[in-house]
Every structure is written in structure tokens, then in C-alpha cells.
Amino acid sequence: MAENSRQQWLSPEMTPLPKPPGHVSGLFGIDRGLFLLPSRIAVDVTRRQAIGFISHAHMDHAAHHALALCTETTARLVRHRLGNVTTKVMPWGQPIEVAGHVLKALPAGHIFGSAMLYTEHQRGSVLYTGDFRLEESATAEPAELCQADYLIMECTFGHPRYRLPPRATVIEMLIEKVTQSISRGATPVISAYVLGKSQEVTKILTSAGIPVLQDPAVYEISQIYQEAGCDLGDFRLYSGRPVPGCAVIVPPRSVTAGGLPGALHVERFHVTGWAMDPRRQRTAPNDHWIPLSDHADFDQLLTAVEQVSPKAVFCTHGPKSFVEELRSRGHDARWLE
Ligand SMILES: [Zn+2]
Ligand SMILES: [Zn+2]
């Protein structure tokens with residue numbers, strides 16, 4: 001099937017189309033990344049392109065494009081990570097016209113500023129989710145799905161083993177375990193991705209009255225959150241010495257690399273959606289594992305498909321078995337790579 005070829009261009013009807021790229025019509029195509037057709041606007045492509053939509057500032061979605069289309073917050077974060085990128089800001093929900101496409105950014109609920117991309121063409125409408133989550137977030141704008149003919153969906157947790165406990169339970173667990181750790185005289189050291197999860201955990205803890213100290217890499221990004229209007233409460237830079245009553249947030253690698261400089265009695269926390277998987281927890285059974293995710297879990301993925309109610313779903317990331325899962329539920333689903 002054409003799906004196996006390195007470079008393919010797909011019509012909405014999935015008819016394999018003739019090459020070379022750019023000489024065919026259709027709504028979108030794959031050329032080591034996703035492109036809108038016929039304009040060839042890149043969508044989360046990680047190589048420099050003339051025009052590229054960047055859904056959010058995680059580096060598996062961004063590149064130093066000649067012109068980057070993104071939200072205001074993502075523009076700030078992308079500049080922090082990649083330098084002086086020229087951007088065209090997409091205001092939430094307002095259509096803009098670029099290279100013959102009408103494009104709209106809708107909140108994706110993944111991290112602060114993260115966006116889905118909605119586009120209309122005479123051939124039909126497309127919703128590209130990028131990384132998304134339907135559950136509420138302490139820092140990201142709530143996700144907004146809309147009906148579209150074709151749904152291109154990120155399916156990281158597309159297996160029934162990935163079902164999150166209710167968010168309120170997870171937050172309660174986090175606050176309770178961190179509080180207990182502090183009362184035992186330990187320093188709770190929380191490992192979380194520097195962009196997104198760290199800031200969300202900071203906001204959750206400071207809202208519960210627990211001040212947070214941050215590793216410099218986390219702190220720099222938190223400053224950008226603040227400047228862009230997301231208040232994270234009482235947080236400071238970790239100075240190399242723990243402060244009684246405070247939690248410390250560090251990037252994932254530093255917590256496994258032998259504790260925290262300056263701290264004697266450390267209790268380690270991993271705040272990640274992967275904590276849903278007991279196999280992951282067994283890698284460090286003495287640590288605390290908190291299943292707080294910034295991606296949609298299995299049930300949220302199914303909900304998203306129901307809500308968008310597309311003619312066809314194109315799955316990216318995650319297990320390929322999710323395509324079968326959707327087909328068994330009566331959807332026209334395909335794997336997009
Ligand atoms: Zn992401
Ligand atoms: Zn991603």
C-alpha cells in the first residue's frame with residue numbers, strides 16, 4: 001500500500017496520487033512530515049520550511065522556519081528555544097488566510113499556548129490536533145474541538161492500558177504525597193518535563209500552599225509563562241540548597257542522575273502520563289509515581305473522534321493498534337506516517 005512509501009501524497013479519498021509532490025491536489029500529504037496542499041504549508045515539521053505551523057514549542061514539533069505560524073505564547077517559547085524566528089501570530093479562533101488556506105488556531109489543552117489547526121478548503125475541512133488533552137489543565141487553555149471532514153489525531157496513549165484516573169484524584173494524590181514527604185523532613189524532588197509539565201505541577205502545588213523551587217532550565221520557561229500571562233504563584237530559582245517546606249522541580253534526567261545537589265534526604269516523584277503503565281513504575285519502585293498527563297488518554301481519544309465526527313481519522317504517534325480499535329468502532333481510520 002502507498003502508506004508504506006517514504007513520500008506520499010494523499011487525496012481525501014486516499015487514492016495514491018502521482019508524484020512529484022506539489023504537483024497534485026488534495027488536502028494534505030506526507031513528505032517526512034505533514035504538509036497542507038496545495039500550498040505546502042508545513043505542519044509541525046521538524047526541518048526548516050518556507051512556512052510552517054508550530055502547534056506548540058516542544059522540540060518534536062518545531063523548527064526554525066522562514067515564517068512560523070503559531071499562537072502568541074508559542075511564539076515566545078519558540079524564540080526562547082530556537083532564537084529569533086519570524087512568526088505570524090494566530091489569534092485564538094480567528095481565521096487567517098495564508099497561501100490560499102483559511103487557517104484557525106484552536107486551544108489543544110496540552111501546554112500553555114498549544115494549538116490545534118483547523119483549515120477549510122473547497123475539498124473539505126481538516127482538524128489537526130497536535131499533542132492535545134481534553135481534560136482540564138492548571139495552565140493550558142481548555143481544548144476546543146470542532147467538527148471536521150478529516151481528523152489528523154495524535155494517539156500517544158491509544159491503548160486501553162492507558163486510562164487515567166480522574167484528574168481530581170491525581171491532583172489530590174500529588175498534593176498529599178508531597179505534603180507527607182515534607183512532614184517527614186524530606187525534600188520532595190519532582191521530575192517533570194521542563195516545558196509544560198513543570199509549570200503545571202508548579203501551579204498545582206503553589207495553589208495548595210506549597211512553594212516551589214525550580215531548576216534553572218525550568219525557571220527560565222516559567223518566566224515566559226508569567227510574561228505571557230500565566231501566573232504560577234510562589235516559585236523561585238533553586239539556589240543549590242533546599243528550603244524546608246518547599247518542593248523542588250527538576251528535569252527528568254537530573255532526578256535519576258543521583259539526587260539533588262545540596263539535599264540530604266530526598267524523596268523522588270515522577271509526574272508523567274506514563275505512570276499509568278505499571279511496567280514504567282517498576283523501573284523505580286521506591287519513588288512516587290503520579291499519573292498526571294498532558295496528553296489525551298485512551299478514553300479521551302475516543303471522545304475526540306466522537307466529537308469531531310469526521311469522515312476519516314488519520315492517526316499519528318502511539319500504537320498502530322489504535323487504528324484497528326477505531327475501525328472496530330465503525331470509523332474509517334488510517335495510520336499516517
Ligand atoms: Zn508536546
Ligand atoms: Zn509531541
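How about segment 172-204: which of its residues are within 16 Å of ligand 1 (Cβ to nearest atom) and either β-branched (Val, Ile, Thr) or in contact with a Cys (Cβ under 9 Å, 6 or more places away or on another chain) (or both)?
Once the filter is applied, which keeps residues that are within 16 Å of ligand 1 (Cβ to nearest atom) and either β-branched (Val, Ile, Thr) or in contact with a Cys (Cβ under 9 Å, 6 or more places away or on another chain) (or both), segment 172-204 yields 194, 199, 201.
Considering only segment 64-82, how many residues are assigned to a loop (DSSP other than H, G, I, E, B) and under 18 Å from residue 129 (Cα atoms)?
1
Counting only residues that are within 17 Å of the chain's Cα centre (by Cα) and within 28 Å of residue 91 (Cα to Cα), how many does segment 192-229 have?
The qualifying residues number 13.
Within segment 64-114, take every residue that is basic (Lys, Arg) and in contact with an Asp or Glu (Cβ under 9 Å, 6 or more places away or on another chain) and give me the one that is farthest from ligand 1 (Cβ to nearest atom).
Taking the candidates together, the pick is 104.
For segment 157-171, indicate whether the set of residues that are in contact (Cβ under 8 Å) with a residue 40 or more places away in the chain, surrounded by fewer than 23 Cβ atoms within 10 Å (Cβ to Cβ) and within 16 Å of ligand 1 (Cβ to nearest atom) is non-empty.
no
Filter segment 135-156 down to the residues that are touching a residue at least 60 places away in the same chain (Cβ under 8 Å), in a loop (DSSP other than H, G, I, E, B) and among the charged types (D, E, K, R) and list them by number.
135, 149
Residue-by-condition table, conditions (1) surrounded by 14 or more Cβ atoms within 10 Å (Cβ to Cβ); (2) free of Cβ contacts under 8 Å to residues at least 40 places away in the same chain; (3) under 15 Å from the mean Cα position of the chain (by Cα):
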residue	(1), (2), (3)
85	yes, yes, no
113	yes, no, yes
122	no, yes, no
127	yes, no, no
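Considering only residues of segment 41-63 that are assigned to a loop (DSSP other than H, G, I, E, B) and among the hydrophobic types (A, V, I, L, M, F, W, C), which is farthest from ligand 1 (Cβ to nearest atom)?
Ranking the qualifying residues of segment 41-63, first place goes to 50.
Every number in this text was worked out from the coordinates using simple rules, so none of it is lab data. Owing to the predicted nature of the structure, the values given are computational and were not obtained by experimental measurement. Glycine gets a Cβ as well: all are built from the backbone with ideal geometry, and neighbour counts include every protein chain shown.
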